[in-house]
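Read the structure below first, then the notes.
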Amino acid sequence: MNAVAKLLLFMVSCVLTNNFIFSRFLGCCPFLGVSNKVETATGMGLAVTFVMALASLFTYVIYTWILVPLGLAYLSTIAFILVIASLVQVVEMFLKKSAPSLYAALGIYLPLITTNCAVLGVCLLNIGGSVTVAGQVIEYNLLYSVLNGVFGALGFLLAIVLMAGVRERLETADIPESFKGFPSSLIIAGLMSIAFLGFKGLV
């Protein structure tokens, strides 16, 4: 298998097969809370993509070249949360200055990216982790750690935008009163998760 094919299969694995929302069930809080409108969901997905990509890079470097040589690997979770919180602060300041309407729409869910288990989850998965793609085991080195963060975040973006699109359509649909709002959101999430299970044997 050449490098390009390997990279494409790895991307499909991250985005579809091992989707953080539908396969790993990480990051469900913003997924359900900020998926009312496609525009807001897209903003959240892009913010998470930025944070997850840079967090994957910085945490891998800090863990491999600082914590492990100093015998401080047990501090990895605390160090990772500090890195993620710093990146979220940068995103928050940027959106507040450049896109105040999106900043207001995201509300409390923007600073909550700090505690988004999908972001912390990808950082922890990158440490000594691996994934099997087309029968080949890929160890998470620096390159694949960053790619795992980027592609995993794109899977999160895909999931939250699809969810927002369905929820927008449901606002004009004639459904029973008892199913409106959060109950219908849970049903949609369950059905989408079942649909994504169809990608399980793809790579």
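Of all complete DSSP H helices in the chain, those with a Cα span along the helix axis of 24 Å or greater and a mean Kyte-Doolittle hydropathy of 0.0 or more are 38-62, 76-98, 142-170. Using a probe of 1.4 angstrom, how much of the accessible area of segment 50-165 is carbon and sulfur, in percent? About 73 percent, which is the carbon plus sulfur part of the accessible surface. Less than 5 angstrom separates the built amide H of VAL133 from those of ILE138, all sequence-distant by 5 or more or on a different chain.
Within the listed set THR77, THR42, THR114, the Gaussian network model of the chain (springs between alpha-carbon atoms below 10 Å) gives the highest mean-square fluctuation for THR77. Debye-formula intensities of segment 78-203, expressed as log10 I(q)/I(0) at q = 0.14, 0.16, 0.17 Å⁻¹, are -0.87, -1.05, -1.12 (one equal scatterer per alpha-carbon, no solvent). Calculated accessible area for the chain comes out at 50 Å² per residue, all protein chains present (probe 1.4 Å; ligands, DNA, RNA ignored).
Note on segment 21-87: Cα-only Rg and Dmax are 14.8, 46 Å.
The values are calculated or read from the model by the stated rules, or taken from the named source; none is laboratory data. The model shown is predicted, which means the values in this text are computed figures rather than measured ones. To get the accessible areas, we keep the full protein, side chains included, count just its heavy atoms, and leave off ligands, DNA and RNA. Shrake-Rupley method; radii C 1.70, N 1.55, O 1.52, S 1.80 Å.
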